[in-house]
1. Please list, in order, the residues from the range 209-229 whose amide nitrogen is less than 18 Å from a point placed 7 Å along the Cα→Cβ vector of residue 66.
2. Which value in Å is the Kirkwood Rh of the range 1-129 over different Cα pairs?
3. Tell me the angle of helix 197-212 to the major Cα principal axis of the chain, expressed in degrees between 0 and 90 and rounded to the nearest ten.
4. Report, to the nearest 10°, how far helix 65-96 tilts away from the longest principal axis of the Cα atoms in the chain, using its own Cα long axis and a range of 0 to 90°.
5. May I have the pair-distance distribution P(r) for the chain, computed from all Cα-Cα distances with 10 Å bins from 0 and rounded to whole percent?
6. Limiting things to C-alpha atoms, what are the Rg and the maximum Cα-Cα separation (Dmax) for the range 5-61, in angstroms?
7. Using mean Cβ contacts within 10 Å as the protection proxy, how do 112-123, 215-226, 25-36, 199-210 order, highest first?
8. Let me make sure I get this right: for the range 61-101, a, b and c are the square roots of the gyration tensor eigenvalues over alpha carbons, sorted descending. Under 1.5 in a/c it's rounded, otherwise prolate if a/b > b/c, else oblate. Which is it?
């Protein structure tokens, strides 16, 4: 039975108002960015006059945003690849094999998410500085150090997510592959990984967004050459 016309229009009006409410901050942000600097703090107008792209030209000419963007892309991409690769092997081992301390390991991996990242700021800073002084490997102020930092935070939850996805793949597929002559690694990449592609993609998106949107460590652990967005 078709919905009453009044209900249809009410729903349309509600969705229109909701969309406008969601997009309002975006409109205010864009319109403010196109105003001259002296007009930003003045009274707000819904239809601003005197729009200019000068603020964008000034920031691109005074701040090396292209370099910062490339640093962000390299750091987030490398952290994502490392997190996915390590999580695949770790989750497969937990999902398919029995070993002493398996449950403790799984709970410990998840419990690391209980602690805020700021608690690790000073310890990681001291560790990186001491490693640099002892070995000459510059982790503090380098992209490599930032990648390791992001890997530390994204890897535990990535492993936990993939354990669930791998558990949903029937073990009969692994056993059939082993009977056909596949080794454990080949069974992983030929059978389990293709069946768990949605989960791997979800883990990759999570790891990338975690690294891309992080601010605290990116502000402390970098210098002018390795600064990110």
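Here, each number is a calculation from the coordinates, and none is a lab measurement. Just so it is clear, the structure is predicted and the values come from calculations on it, not from any experiment. Glycine gets a Cβ as well: all are built from the backbone with ideal geometry, and neighbour counts include every protein chain shown.
1. So the set is 225-229.
2. Values: mean 1/r = 0.0462 Å⁻¹.
Computed over the range 1-129, the radius equals 21.6 Å.
3. For 197-212 against the chain, the angle is about 50 degrees.
4. In the chain, helix 65-96 runs at an angle near 30 degrees to the longest axis.
5. 7, 20, 21, 21, 18, 10, 3, 0
6. 16.5, 55
7. Sorting 112-123, 215-226, 25-36, 199-210 by mean packing, highest first, produces 199-210, 215-226, 25-36, 112-123.
8. Working: a/c = 9.41, a/b = 5.50, b/c = 1.71.
Prolate.
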